[in-house]
Amino acid sequence: MRDIYPTLLPPIPTTEEWMKERAPVPKRNWTAEFAKTFQIRDPLFYKQWHLVNNEWPGHDLHLEGAWKAATGKGVTVSLIDDGIDHTHPDLEANFDAKGSYDFNDHTDLPEPRLPDDMHGTRCAGEIASLKNDVCGVGVAPEAHVAGVRILSGPISDADEAAALNYGYQTSGIYSCSWGPSDNGQSMDAPKGLIAKALLNGIYNGRQGRGSLFVFAGGNGGASDDQCNFDGYTNSIYTITIAAVDGQGHRPYYSEMCSAIIASSWSSGKGEMIHTTNVRGEYNRTCTSSHGGTSAAAPLVAGMLALALEVRPDLTWRDAQHLLIKSSTVTSPEDPDWQRTAAGYMYSHKFGFGVVDATRLVNEAKKHTLVPPQAWFEMPRQNVDQPIDPRQSFNATLTITREMIEQANLASLEHVTATFWIRHRRRGDVKVVLYGPHGTKSVLASPRRYDGDTNGFPGWTFMTLKHWDEDPVGTWTAEVSDHTQMEEMENPVEAGHFDGWSLSLWGAAKNASLARPWNFPKDSDEYSMRLPAAPSTTVLGSPPAPQATVSSSAESSRVLVKPTHALPTDHFQDPGEAEHVFGQSYAPQKPEADTAYLPWSSQLSSIAYILAGILVVALMVLAIFLLYRRYQARNSGLYQHVPADDEGIQLHWQPGQRGGSSQLQTRDLYDAFALDDDEVDEEEASEPTSLVDHEETRKEEPPSTET
């Protein structure tokens, strides 16, 4: 018989119980838990969101699992930069003097000597800051850092080449946050001795396992600059890193291209990177204003130090395989993500994703070393066709299975494509490569500031988007012209597609048949001899003698500082997740030097000079008005009677007190004062001067004069 009695319900909760049940769940303090687990007491650690992100959990390096296995012990990261404050309390114990040298001043210790020599110290702190009570903590707090100074003055090709190989048997990783100008106009690549030094590093560094060259992707995104126009970042021998803000979006300064392997955290969305700073009269020991892709790259260098601790036998190509395996998709709604023919997700903004430190270390532990490198180079294919802005032009190359077998190529990694294109304005040209299975790599997107008239005279692009793809089939190069039609009388004469070639790089099928790649015998690089490195640095030793510059170094140049193109509002950028690289380009004349005309740069220079004069004039006017204000307040004690032929009469104003200069001093100070929210408290200078200002603000006793 069915139970006719109703089921007894639980009692109605009391008001207190009801409110307790509805109360919000307390927010978990991930930073505090991490600090407790790893015994961190560094005061800046709680601001280092890139290590542990409380505001956006998960948008960080995911260090917890990695640190349980490795802290960078036994690994040295060399920072090729502008020097290191090697006596900084966060860096001193981890500084490697033997791996350090100053190629700008040709002295042993790469000390920051110029006012803007701060970048290397900041990057060193990101990598290997000690766990103490000074600033924050580094990604690999037990790794060593060496400094190689090249960015603080003119440097020859011979010295730059020597810098790239300096200490390359003990320094496993080179953090390089520099390159050609990020102005959206330059196209430059390492040549001669410098190119040979990169090749020497990957073949002979670390006892033949290869140096790991980690390069920043570039901060020229706001100028349409792209890392495939930079021969350092689009080299198959380098690891190119883009930036991601704290919410997982691309900051607008971060350059895009198909040579980006992965990304890491940096400035944007109101946040910056917190790290060590060069100490001095005007500088604090720590800084909270580091950013750009040149801050993202050192984080990856630090994570690679963790991987090398657990697997010191990794080769330069193994490191790239591991970065691809350990990177995770960020901003999955971003339309630039595409699933490749091999099944990876890839974006021209983020590469294969954001590097996860724990996954990197775990993958390194179980990784099987890849076979030696093999390659297949197609000879140049002549096209000889005009480029019509009204339609794109396609050229094809077919790769057969027999070609791949003869090349001893088992699997595909890097793809390089060299183009010979003439054009009256390089910035109007777009180049796209399609793999045999439909994977699309945008090699060059139009650049509105690039007015160069030389086009692409044998320029080599690189793409990682075809990694592990079956290369057999037809490869298609699509070249299009985005010239404004109304600007041309005969659009067909804008450019000419002369030819192209394709090279495939990957793992050898038969390791015994593999051989190292070398420059062609008819190239300048083939017969060049690399310069000898300076003597090893020893702390406390006298300066080394002037280095001998190789006769092959014909000239010197000044390398661009890492942050020269970083916008001043880089940390305020809200990020973007809507743009598809290579689409929605609308050419327009930019505000600055665009090279639309051969003399436009001169006009730009004149404009800057006139603007400078105007700024100075406005400053003088402001000072004059403030002085008049000062006089007006003082003359409030009197009355001026104008007369051309009479003496000036002064009249005392009742209710005013003479001789009260302190009031005027206070008013003058306030005229220059800033609101509290306008002061960058992290970059404030001369702490002692604050005391002086406070003294001037103290009220004097009221005057007893009548």
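The values are calculated or read from the model by the stated rules, or taken from the named source; none is laboratory data. If you're wondering where the values come from, they're calculated on a predicted model, not measured in any experiment. Cβ coordinates were reconstructed from backbone atoms using ideal geometry, including for glycine residues, and neighbour counts include every protein chain displayed.
A few remarks follow.
- Tallying residues that are over 34 Å from the mean Cα position of the chain (by Cα) and part of a loop (DSSP other than H, G, I, E, B) within the stretch 390-402 yields 3.
- Residue in the stretch 357-371 that is part of a strand (DSSP E or B) and either out of contact with any His (no Cβ under 8 Å at 6 or more places or on another chain) or under 21 Å from TRP505 (Cβ atoms) (or both) present: no
- Complete set of residues in the stretch 455-500 that are at pLDDT 95 or above, under 15 Å from ASP428 (Cβ atoms) and assigned to a loop (DSSP other than H, G, I, E, B): GLY455
- If you go through the stretch 275-292 and keep only what is more than 19 Å from the chain's Cα centre (by Cα) and either modelled with pLDDT of 95 or more or within 16 Å of ASP90 (Cα to Cα) (or both), you end up with VAL278, ARG279, GLY280, ASN283, ARG284, THR285, CYS286.
- Near pairs, Cβ below 9 angstrom, 6+ apart or cross-chain, from the stretch 397-415 (more than 25 Å from THR238 (Cα to Cα)) to any residue that is among the polar types (S, T, N, Q): LEU397/GLN381; LEU397/THR474; LEU397/THR476; LEU397/SER501; THR398/THR474; ILE399/THR474
- Residue, farthest from VAL75 (Cα to Cα), within the stretch 190-223, restricted to residues that are in contact with a Ser or Thr (Cβ under 7 Å, 6 or more places away or on another chain) and in a loop (DSSP other than H, G, I, E, B): ASN219
- Filtered by the rule that a residue be closer than 15 Å to ALA259 by Cα and not in a loop (DSSP other than H, G, I, E, B), the stretch 339-353 gives MET345, TYR346, SER347, GLY351.
- Within the set GLY451, GLY458, GLY427, the sole residue that is touching a residue at least 12 places away in the same chain (Cβ under 8 Å) and either in contact with a strand residue (DSSP E or B) (Cβ under 6 Å, 6 or more places away or on another chain) or closer than 26 Å to PRO379 by Cβ (or both) turns out to be GLY458.
- Any chance ASN200 is at pLDDT 95 or above, surrounded by fewer than 24 Cβ atoms within 10 Å (Cβ to Cβ) and closer than 24 Å to PRO520 by Cα: yes
- HIS367 being closer than 16 Å to HIS466 by Cβ and either touching a residue at least 40 places away in the same chain (Cβ under 8 Å) or outside the structural domain of TRP500 (by TED's automatic domain parsing) (or both): no
- Reported count of residues in the stretch 494-535, each being closer than 15 Å to ALA374 by Cα and either touching a Cys at 6+ places or on another chain (Cβ under 8 Å) or among the polar types (S, T, N, Q) (or both), is 4.
Table: residues versus (1) outside the structural domain of ALA296 (by TED's automatic domain parsing); (2) among the acidic types (Asp, Glu); (3) closer than 16 Å to ILE155 by Cα.
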{"site": "ILE84", "(1), (2), (3)": "no, no, no"}
{"site": "LEU91", "(1), (2), (3)": "no, no, no"}
{"site": "PHE95", "(1), (2), (3)": "no, no, no"}
{"site": "GLY99", "(1), (2), (3)": "no, no, no"}
{"site": "ASP102", "(1), (2), (3)": "no, yes, yes"}
{"site": "HIS106", "(1), (2), (3)": "no, no, yes"}
{"site": "PRO115", "(1), (2), (3)": "no, no, no"}
{"site": "HIS119", "(1), (2), (3)": "no, no, no"}
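- Looking only at the stretch 92-122, and only at residues there that are of a type in the set (Phe, Trp, Tyr) and not in a loop (DSSP other than H, G, I, E, B), the one that is nearest to GLY147 (Cα to Cα): TYR101
- Some residue of the stretch 14-35 being assigned to a loop (DSSP other than H, G, I, E, B), at pLDDT 95 or above and surrounded by fewer than 20 Cβ atoms within 10 Å (Cβ to Cβ): no
- Among the residues examined, ILE84 qualifies as assigned to a loop (DSSP other than H, G, I, E, B) and either in contact (Cβ under 8 Å) with a residue 60 or more places away in the chain or surrounded by fewer than 24 Cβ atoms within 10 Å (Cβ to Cβ) (or both).
- Any hit, the stretch 441-454, residues being in a loop (DSSP other than H, G, I, E, B), among the hydrophobic types (A, V, I, L, M, F, W, C) and in the same structural domain as PRO389 (by TED's automatic domain parsing): no
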